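Trainee: One structure coming up, written as structure tokens, with questions to follow.
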Amino acid sequence: VMAELFGKADGICGGRGGTMHLYDRSVGLFGTNGIVAAGIGHAAGIGMSARQQGRDDIGVAFFGDGAANHGGFYEALNFAAVQRAPAVFISENNLYATATPLKSVTLNPEIASKAASYGMPGVAVDGNDVFAVWLAMKEATERARAGKGPTLIEAKTYRTVGHHEGDPVIGTYRTQEELDAWIKRDPIDMFRRKLIEDYGIADAEALAAIEARIETVVEQALTFARNSPEPDPATVRLHVFADPINPPAALQPRAVGETRMQGWLEAVRDGLAEEMRANPAILYFGEGTGERGGSFAHTKNLWQEFGAERMVDTPISEQGFTAAAVGASATGARTVSD
Ligand SMILES: Cc1ncc(C[n+]2csc(CCOP(=O)(O)OP(=O)(O)O)c2C)c(N)n1
């Protein structure tokens, strides 16, 4: 990760991602996202894809209070809820979207309460209390895995630094008093006190040893990143297009039965049916694709044949279900987004 932040060749994305597009499939990280709220729908699709493939993985999205005012949030939560997607949505409410106070951009700053609009549980927790967050996450995860659908968790917290390097910590939108009050509630200090004083399950010496170990790991990561080579300019076009573009196999017609003349809508439907029979990982997301079979009958009878879990009749939420399709396709499903 450190090498990635340095833009180096040994970074997890070869230096191409940086903080905005960190991606590491090996640990289940399906991308941080430069577009606020875009990852929320991905998590819905990641959960649906896992369910379809019989895995007990769930989709989890982290986002800010600012993202909770974005259309992507509303569309994704509604779609995830009605699909009972195995997913958890976590809004880290640090009170400000860059410099915009949450209470100045919504008359309902209680983010957890918005879950009720979609018929899913919304849980507000002290985001600086490690145990409270852990417990809320545990319950939400179990609920998702039990097939009961998604949960929205609002972790109430604060950012004690600027939004970005060079952002003044106080001044235009925050006061010194507010900052000081939150620094006193530093989550790591609170956790340390709880472990030592309340639960008596750690002592200061043991925690100091952990901290020293972390310092060493970070130092090693820095050295690794500094010594890593710059990406080779010759690879600049790598990952820009699929390689090869239009693989020949996909263009070869598969001979199935006799040739017959039909309208293109029927041909679309039959082509879809043929592919869906051959590949159980194909999911179809679209409006009106349920029992009725599509506005133009281009999915007629597919819902009856493949069931509602594969022929997903979506709300009118193109942003929500297209994002879900991206998440599902990144995790083993092949998704048609209509
Ligand atoms: C769709 C979109 N609009 C605007 C931006 C610019 N932008 C980047 S971060 C940010 C604030 C995000 O605030 P919040 O969602 O509360 O997350 P936080 O940074 O506090 O974790 C904005 C407006 C963006 N990246 N994407």
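Trainee: Over what distance in Å are the Cα centres of the range 88-110 and the range 176-242 separated?
Mentor: So the two Cα centres are separated by 25 Å.
Trainee: Taking H as built 1.01 Å from N, whose amide H comes closer than 5 Å to the amide H of GLY59, not counting residues under 5 places away?
Mentor: Answer set, sorted by chain and number: GLY47, ALA87, VAL88.
Trainee: Moving on to the next point. Quick one: what does P(r) look like for the chain with 20 Å bins over all Cα pairs, in whole %?
Mentor: Calculated over all Cα pairs of the chain, the distribution is 24, 52, 21, 3 percent.
Trainee: On average, how much accessible surface per residue is there in the chain, in Å², for a 1.4 Å probe, leaving out ligands, DNA and RNA? If you can, show how the numbers build up before the last one.
Mentor: Numbers: 19390 Å² over 338 residues.
Counting only protein heavy atoms, the per-residue value for the chain is 57 Å².
Trainee: Let me ask you something else. Work out from phi, with θ = phi - 60° and the Karplus expression 6.51 cos²θ - 1.76 cosθ + 1.60, the ³J(HN,Hα) of each residue of the range 86-95, listed in order in whole Hz, and give x for Gly and Pro.
Mentor: 3J(HN,Hα) across the range 86-95, in whole Hz: x, 8, 10, 10, 10, 9, 7, 8, 9, 6.
Trainee: In addition: What's the ranking of 269-280, 6-17 by average number of surrounding C-beta atoms within 10 Å, highest first? It would help to have the intermediate numbers written out before the result.
Mentor: Values: 269-280: 14.5, 6-17: 18.4.
Going by the mean number of other Cβ atoms within 10 Å, highest first, we get 6-17, 269-280.
Trainee: Taking 0.36 nm per residue of sequence separation and subtracting the Cα-Cα distance, how much length would be gained by fully extending the chain between ARG213 and TYR199, in nm to one decimal?
Mentor: Details: separation 14, 0.36 × 14 = 5.04 nm, distance 2.31 nm.
Extra length available between ARG213 and TYR199 comes to 2.7 nm.
Trainee: Of the options PHE306, GLY286, GLN53, report the single residue whose Cα projects farthest towards the positive end of the charge dipole of the chain (beta-carbon charges: Lys, Arg +1; Asp, Glu -1).
Mentor: PHE306
Trainee: Quick check on the range 94-229: take the gyration tensor over C-alpha atoms, sort the square-rooted eigenvalues as a ≥ b ≥ c, and tell me if it's rounded (a/c under 1.5), prolate or oblate.
Mentor: Working: a/c = 1.62, a/b = 1.21, b/c = 1.33.
It comes out oblate by the Cα gyration axes.
Trainee: Return the FRET efficiency for the residue pair PHE191, ALA9: r is the Cβ-Cβ distance, R0 is 41 Å, and the value is rounded to the nearest 0.05.
Mentor: Details: r = 36 Å, r/R0 = 0.89.
Calculated value: 0.65.
Trainee: What FRET efficiency do you get for ALA206 and ALA132 if R0 is 30 Å and r is their Cβ-Cβ distance, rounded to the nearest 0.05? Please list the in-between numbers first.
Mentor: Values: r = 23 Å, r/R0 = 0.76.
Rounded to the nearest 0.05, the efficiency is 0.85.
Trainee: Multiplying the sequence separation of GLU266 and ALA297 by 0.36 nm and subtracting their Cα-Cα distance, what value in nm do you get? Display every interim value, and only then the final one.
Mentor: Numbers: separation 31, 0.36 × 31 = 11.16 nm, distance 0.79 nm.
Length gained, GLU266 through ALA297: 10.4 nm.
Trainee: If amide hydrogens are placed 1.01 Å from N in the peptide plane, which non-local residues have theirs closer than 5 Å to the one on ASP10?
Mentor: Amide H neighbours of ASP10: none.
Trainee: Given 0.36 nm per residue, what is the gain on full extension from MET20 to VAL240 after removing their alpha carbon distance, in nm? Intermediate results must be reported in sequence, preceding the final value.
Mentor: Details: separation 220, 0.36 × 220 = 79.20 nm, distance 1.70 nm.
My answer for the length gained is 77.5 nm.
Trainee: When you have a sec, figure out the Kirkwood radius of the range 257-337 from all distinct Cα pair distances and drop it here in Å to one decimal?
Mentor: Working: mean 1/r = 0.0771 Å⁻¹.
Roughly 13.0 Å, rounded to one decimal.
Trainee: Through the Karplus equation 6.51 cos²θ - 1.76 cosθ + 1.60, θ set to phi - 60°, convert the phi angles of the range 258-263 into ³J(HN,Hα) values in whole Hz; use x for Gly and Pro.
Mentor: So the Karplus estimates, Gly and Pro as x, are 7, 6, 9, 7, 8, x Hz.
Trainee: Highest first, please rank the peptides 324-332, 294-302, 106-114, 227-235 by the mean number of other Cβ atoms sitting within 10 Å of their residues. Intermediate results must be reported in sequence, preceding the final value.
Mentor: Values: 324-332: 24.0, 294-302: 17.6, 106-114: 15.4, 227-235: 11.2.
Ranking the peptides 324-332, 294-302, 106-114, 227-235 by packing returns 324-332, 294-302, 106-114, 227-235.
Trainee: Order 146-159, 67-80, 205-218, 129-142 from most to least packed using the mean count of other Cβ atoms within 10 Å.
Mentor: Values: 146-159: 20.4, 67-80: 23.6, 205-218: 10.6, 129-142: 16.2.
Going by the mean number of other Cβ atoms within 10 Å, highest first, we get 67-80, 146-159, 129-142, 205-218.
Trainee: Based on the Cβ-Cβ distance of HIS164 and ARG55, what FRET efficiency does E = 1/(1 + (r/R0)^6) give at R0 = 56 Å, to the nearest 0.05? Walk me through the intermediate numbers first.
Mentor: Working: r = 37 Å, r/R0 = 0.66.
Approximately 0.95, to the nearest 0.05.
Trainee: Considering only the range 2-227, what is the antiparallel percent among its DSSP beta bridges, to the nearest 5?
Mentor: So the antiparallel bridges amount to about 15 percent of the total.
Trainee: Right, next: Using the Cα centre of the range 183-234 as origin and beta-carbon charges of +1 (Lys, Arg) and -1 (Asp, Glu), tell me which of THR216, GLY200, ALA234 is placed farthest towards the positive end of the dipole.
Mentor: About the Cα centre, the residue reaching furthest to the positive side is GLY200.
Trainee: Leaving out ligands, DNA and RNA, what percent of the accessible area of the chain is carbon and sulfur, probe 1.4 Å?
Mentor: Values: 11250 of 19390 Å².
Here carbon and sulfur together make up 58 percent of the probe-accessible area.
Trainee: Next question. Is the shape of the range 152-241 best called rounded, prolate or oblate, per the rule: a/c under 1.5 gives rounded, else a/b larger than b/c gives prolate, else oblate, with a ≥ b ≥ c the square roots of the Cα gyration tensor eigenvalues? Please report the intermediate quantities before stating the final value.
Mentor: Working: a/c = 2.42, a/b = 1.40, b/c = 1.73.
Oblate, since a/c reaches 1.5 and b/c is not below a/b.
The values are calculated or read from the model by the stated rules, or taken from the named source; none is laboratory data. The shown structure was predicted, so the numbers you read here are calculated from the model rather than taken from an experiment. Backbone-built Cβ (ideal geometry, glycine too); neighbour counts: all protein chains shown. To get the accessible areas, we keep the full protein, side chains included, count just its heavy atoms, and leave off ligands, DNA and RNA. Shrake-Rupley method; radii C 1.70, N 1.55, O 1.52, S 1.80 Å.
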